[in-house]
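What follows is a short report on a single structure.
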Amino acid sequence: MPSKPLAEIILRPQPGNPRRAILQAGPLTFYAALGRSGRSSRKREGDGATPIAAMRILHGFYRRDHGAPPPSRLKLMPIRRWMLWCDAPGDANYNRPVRAPFRKSHEQMMRSDGLYDICLVLDWNVSSRKQGAGSAIFFHLARSGYSPTEGCVAISRRDMERLLPLIGPQTVLRVL
């Protein structure tokens, strides 16, 4: 690993496609998928937009049964079958991890599609929560063809494996 983690990762919209971005991480450049509604400076729960914001990368999760993640300065926790993420505005657990069974609206962390095989938590509405301002904004793996997300940022597994050793808990992902 390099001696210092990246201070920031910049995402600029891809010309002609509001659901895609160009990610710049030091000397590395990658394609990224954005939300189905593109980017928004007025992020709301369920709008499908990626927030235009500077978000610190807090920690992450990985699927142990799909291989170990590359080395990282981030705290990476294995995903368990009972792990969920609450996306129910009005609930005390809003935008927090919760345990199954959980009756209110939630995101399944152990997904069958592989998107969360490596999943980093962005500080969007986490450190200081506002009900309805958006939840589960992650930096995770992209679908084939970089199809849009529900508001997250997603890159290929190969690119995530190259980038993860360069990211630390002070790295900021900046969506322009």
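Ala21: net charge of surrounding residues, Cβ under 13 Å, Lys/Arg +1, Asp/Glu -1, itself excluded? Don't skip to the answer; put the middle values down first.
Details: positive: Arg12, Arg19, Arg20, Arg39, Arg174; negative: Asp159.
With Lys, Arg at +1 and Asp, Glu at -1, the net is +4.
If we count every other residue with Cβ under 12 angstrom of Ser156's Cβ, Lys/Arg +1 and Asp/Glu -1, where does the sum land?
Surrounding charge for Ser156 is +1.
Report the FRET efficiency, 1/(1 + (r/R0)^6), for Ser3 and Leu176, where r is their Cβ-Cβ distance and R0 is 30 Å, rounded to 0.05.
0.65
Beyond 19 Å, what share of the Cα-Cα pairs of the chain is found? Please give it as a whole percent. Before the final figure, lay out each step's value.
On the way: 8229 of 15400 pairs.
That tail contains 53 percent of the Cα-Cα pairs.
When only alpha-carbon atoms are used, what values of Rg and Dmax, in angstrom, describe the range 40-118?
14.0, 37
Report the FRET efficiency, 1/(1 + (r/R0)^6), for Ile52 and Arg143, where r is their Cβ-Cβ distance and R0 is 22 Å, rounded to 0.05. Can you show the working numbers first?
Values: r = 22 Å, r/R0 = 1.01.
The computed FRET efficiency comes out at 0.50.
Give me the three principal axis extents of the range 80-137 from the C-alpha atoms, as integers in angstrom, largest value leading.
Principal-axis extents of the Cα atoms in the range 80-137, largest first: 30, 24, 14 Å.
Could you give me the ³J(HN,Hα) list for the range 37-51, computed from phi with Karplus coefficients 6.51, -1.76, 1.60 and θ = phi - 60°, whole Hz, x at Gly and Pro?
Going residue by residue, I get 9, x, 10, 8, 8, 10, 4, 9, 4, x, 7, x, 9, 8, x Hz, with x marking Gly and Pro.
Based on DSSP H runs of at least 4 residues, each adding -39500 (n - 2.57), what is the mean residue ellipticity at 222 nm of the chain after dividing by all its residues, to the nearest 500 deg cm²/dmol? Write out the running numbers ahead of the final one.
Values: 1 runs with 7 residues, N = 176.
Taken over the chain, the calculation gives -1000 deg cm²/dmol.
Which trypsin sites (Lys or Arg not before Pro) does the range 98-128 hold that lie in a coil by DSSP with at most 12 other beta carbons within 10 Å?
Those satisfying the criteria are Arg103.
Using a Förster radius of 22 Å, what is the FRET efficiency between Trp82 and Lys130 based on their Cβ-Cβ separation? Nearest 0.05, please.
Numbers: r = 27 Å, r/R0 = 1.23.
Efficiency computed from Cβ-Cβ geometry: 0.20.
We did not get these values from a lab; they are worked out from the coordinates using the rules stated. Everything numeric here is computed off the predicted structure, so don't read it as measured data. As a convention, Cβ positions derive from the backbone with ideal geometry for all residues, glycine included, and neighbour counts pool all protein chains shown.
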